[in-house]
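The values are calculated or read from the model by the stated rules, or taken from the named source; none is laboratory data. Since the model is a prediction, treat every value here as computed from it, not as a measurement. Neighbour counts run over all protein chains shown; Cβ positions are idealised from the backbone, glycine included. Only protein heavy atoms, including side chains, enter the accessible area calculation; ligands, DNA and RNA are left aside. Shrake-Rupley method; radii C 1.70, N 1.55, O 1.52, S 1.80 Å.
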Amino acid sequence: ITLPSSLIHICRSSFEGCTSLEKINIPSSIKTIEASLFKGCCSLNQITISSFLISIGNDSFNNCSCLTHIKIPSSVTSIGNHAFTNCSSLTQIEIPSIVTSIGNYAFYGCSSLKKITIPSSVISIGDYVFSNCSCLTQVEIPSTVTSIVDHAFSNCSGLTQIIIPSSVKS
């Protein structure tokens, strides 16, 4: 799908359940990926996002099981709840250094994800954020993080290294 550069908004759930959608380019005029926009697009394997994107909404890529990697632009400040839940083929993702909020269950069930670096802009790791990421072996938590909430790394059976800084109080 080619979206026109004049497009300024895509309503939530617009492409939800489009099981044959494989590739899409998000034009620079789009600032937010709305909730459930690509939820259930199980064939989506290539997405290009402009460097002007600010936020990724709740459930945006939930159950996009063919998505192997995604480059989140450095302009993104928040990743919504369940944003990448069950993206089982996702092997790599780089969280931009200005992200302040990673929603609950954001990477839940990303069973192919191997390593994650949490930027120093993040102060809290939410509920079930990396739960059921069975291939996750290494997590880098910055000293800015003060809390790690319930089940953040539960069922990460491949986790071999995690260093929790002294800044974490709960």
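Kindly check whether there is at least one residue in region 36-45 that is farther than 16 Å from Cys133 by Cα and aromatic (Phe, Trp, Tyr). Looking through region 36-45, at least one residue is farther than 16 Å from Cys133 by Cα and aromatic (Phe, Trp, Tyr).
In this structure, Ile116 does not satisfy being closer than 30 Å to Leu7 by Cα and either open to solvent by less than 50 Å² (accessible area, probe 1.4 Å) or part of a loop (DSSP other than H, G, I, E, B) (or both).
Scanning region 7-16 finds one or more residues that are among the aliphatic types (A, V, I, L, M), loosely packed, with under 13 Cβ neighbours inside 10 Å and over 30 Å from Ile123 (Cβ atoms). For region 1-33, the candidate set comprises residues that are in contact with a His (Cβ under 9 Å, 6 or more places away or on another chain) and part of a loop (DSSP other than H, G, I, E, B); within that set, the residue that is farthest from Val76 (Cα to Cα) is Ser29.
Exactly one residue among Ile8, Ile26 is at pLDDT below 95, farther than 26 Å from Cys133 by Cα and touching a strand residue (DSSP E or B) at 6+ places or on another chain (Cβ under 6 Å), and that residue is Ile26.
Within region 126-152, residues that are at positive phi have Cβ atoms under 7 Å from residues that are part of a loop (DSSP other than H, G, I, E, B) and charged (D, E, K, R) in these pairs: His151/Asp127, counting only partners at least 6 apart in sequence or on another chain. Does any residue of region 36-48 turn out to be at pLDDT 95 or above and either closer than 18 Å to Val99 by Cβ or touching a Pro at 6+ places or on another chain (Cβ under 6 Å) (or both)? Within region 36-48 (the criterion being at pLDDT 95 or above and either closer than 18 Å to Val99 by Cβ or touching a Pro at 6+ places or on another chain (Cβ under 6 Å) (or both)), the answer is no, since none of the residues qualifies.
For (1) among the small types (Gly, Ala, Ser); (2) within 21 Å of the chain's Cα centre (by Cα); (3) in a loop (DSSP other than H, G, I, E, B), each residue gets a yes or a no:
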residue: Val129; (1), (2), (3): no, yes, yes
residue: Asn132; (1), (2), (3): no, yes, yes
residue: Cys135; (1), (2), (3): no, yes, yes
residue: Val145; (1), (2), (3): no, yes, yes
residue: His151; (1), (2), (3): no, yes, yes
residue: Gly158; (1), (2), (3): yes, yes, yes
residue: Ile162; (1), (2), (3): no, yes, no
residue: Ser166; (1), (2), (3): yes, no, yes
residue: Ser170; (1), (2), (3): yes, no, yes
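Scanning region 30-81 for residues that are small (Gly, Ala, Ser) and open to solvent by less than 50 Å² (accessible area, probe 1.4 Å) yields Ala35, Ser36, Gly40, Ser43, Ser50, Ser55, Gly57, Ser60, Ser65, Ser75, Ser78, Gly80.
For (1) in contact with a His (Cβ under 6 Å, 6 or more places away or on another chain); (2) among the β-branched types (Val, Ile, Thr); (3) assigned to a loop (DSSP other than H, G, I, E, B), each residue gets a yes or a no:
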{"site": "Ser89", "(1), (2), (3)": "no, no, yes"}
{"site": "Ile93", "(1), (2), (3)": "no, yes, no"}
{"site": "Pro96", "(1), (2), (3)": "no, no, yes"}
{"site": "Val99", "(1), (2), (3)": "no, yes, yes"}
{"site": "Asn104", "(1), (2), (3)": "no, no, yes"}
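All conditions in (1) open to solvent by 30 Å² or more (accessible area, probe 1.4 Å); (2) touching a Leu at 6+ places or on another chain (Cβ under 6 Å) hold for Cys87, with the sole exception of (1).
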